[in-house]
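Take a look at the structure below.
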Amino acid sequence: MARIIGVLLIAAALGACSAIKLAYNNLPTVSYWWLDGYLDFDGAQTPKVRDELDQLLAWHRQNELPRIASLLQEAQALAPGEVTPEQVCAMADRIRERLLAVTERAEPAGTELALSLTDAQLQQLERKYAKNNAEYRKDWLDRTPAQVQEKRYDQFLDRTEDFYGRLSTEQRELLKQQVAQSVFDPRLADAERRKRQQEALVLLRGFAASKPSPAGARAALHGYIQRIAEPPPGPWRDQQQALLQEGCRNTAALHNGTTASQRAQAVRRLQAYESDLRQLVATR
């Protein structure tokens, strides 16, 4: 659920979703079916998972939505002027903090679920991982470098124009240049995802075999999550840090190259999302 909330939060920040209220209210249902695709819940797990997702959303609505709305309000104050890469990174760090708060809140329920998984469900999880990996290969690894650049450019262009309005020829050229110079490496991302998948399978199968205490299982899950959030030193951590700094620089450069009317459009977009979130808080 943290992952799905993260997608919606990023969508709100970038202007990529025009129905955030509807999507947010449907998060427990969407999250349940997303998880069920990985684990194929049994009759005993289904009502428990649904109830926990409902509780998580209620907590998020009350505790996190006001914080996110405040972040959007701060972004509105920044949008009319120029921004620095440091300001962009600071905002990204605060968004990350909010996502980690959701993950931490979900840990007790996630631990209970992890301890209840059967061997058949872990086999389903392994098959789902394999399917995801095949789709990732088709989307990214089987493409030429030029095709990867084109795909990323199209994605960034859609998000940016939804936020600022239509970009000029010069602005599009800047975006193309940024994509062409990117340090993004889909093969590193693929290697990391496979590593984490195998780590998850080993961890969960260990739970099934050794039956640890809830406290011990939660500590192990927390460690796994932290290794994703803060990778140990190595190529993947270097890639993440480089991509973060690149993203902050590129976002600032794109924003600083926009016109007054485009920035006004961005402010209106941010205001609309803030209004949506505050209405969601009020209707809990």
Margin query: Explain nothing, just compute: Karplus ³J(HN,Hα) = 6.51 cos²θ - 1.76 cosθ + 1.60, θ = phi - 60°, for every residue of the range 63-71 in order, whole Hz, x for Gly and Pro.
Written below: 9, 9, 4, x, 5, 5, 4, 5, 4
Next item on the list: Run down the lysines and flag those whose C-alpha is under 25 Å from the C-alpha of Lys211, throwing out any fewer than 8 positions away in its chain.
Entry: Lys48, Lys128, Lys195
Notebook entry, point to check: Going by a ≥ b ≥ c, the root eigenvalues of the Cα gyration tensor, does the range 138-284 fall in the rounded group (a/c under 1.5), the prolate group (a/b larger than b/c) or the oblate group?
Noted result: oblate
Item checked: Against the rule of thumb 2.2 N^0.38 Å, how large the Cα Rg of the range 50-146 comes out -> 1.56
Item checked: the chain: relative contact order in percent, alpha carbon pairs under 8 Å with at least 6 residues between -> 39 percent
Next item on the list: Identify which of the listed values of Kirkwood radius over Cα pairs in Å was calculated from the structure shown: (i) 23.9; (ii) 20.8; (iii) 21.9.
Entry: (ii)
Note to self: Give me the percent of accessible area attributable to carbon and sulfur for the chain, probe 1.4 angstrom.
What the structure shows: 55 percent
Notebook entry, point to check: If r is the Cβ-Cβ distance from Asp139 to Arg194 and R0 is 22 Å, what FRET efficiency results, to the nearest 0.05?
Noted result: 0.90
Next item on the list: Quickly estimate the mean residue ellipticity at 222 nm for the chain, helices only: each DSSP H run with n ≥ 4 gives -39500 (n - 2.57), and the total goes over all residues, rounded to 500.
Entry: -28000 deg cm²/dmol
Check: So how do Ile95, Ile68 rank on accessible area, 1.4 Å probe, biggest first, that is with the largest at the start?
Finding: Ile95, Ile68
Checklist line | ³J(HN,Hα), Karplus 6.51/-1.76/1.60, whole Hz, each residue of the range 104-118, x for Gly, Pro | finding: 5, 4, 7, 4, x, 5, x, 5, 4, 5, 4, 6, 9, 6, 9
Notebook entry, point to check: Per-residue HN-Hα couplings for the range 256-262, Karplus 6.51 cos²θ - 1.76 cosθ + 1.60 at θ = phi - 60°, whole Hz, x for Gly and Pro?
Noted result: 5, x, 8, 8, 4, 5, 5
Checklist line | Average accessible area per residue (Å²) across the range 150-284 - probe 1.4 Å, nucleic acids and ligands excluded | finding: 55 Å²
Notebook entry, point to check: Taking H as built 1.01 Å from N, whose amide H comes closer than 5 Å to the amide H of Val83, not counting residues under 5 places away?
Noted result: Asn256
Item checked: Sites Glu104 and Gln55, calculated FRET efficiency, Cβ-Cβ separation with R0 22 Å, nearest 0.05 -> 0.90
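The values are calculated or read from the model by the stated rules, or taken from the named source; none is laboratory data. What you see is a predicted model, and the numbers here were worked out from it, not measured in a lab. Cβ coordinates were reconstructed from backbone atoms using ideal geometry, including for glycine residues, and neighbour counts include every protein chain displayed. Accessible surface is based on the protein model in full, side chains and every heavy atom, while ligands, DNA and RNA are left aside. Shrake-Rupley method; radii C 1.70, N 1.55, O 1.52, S 1.80 Å.
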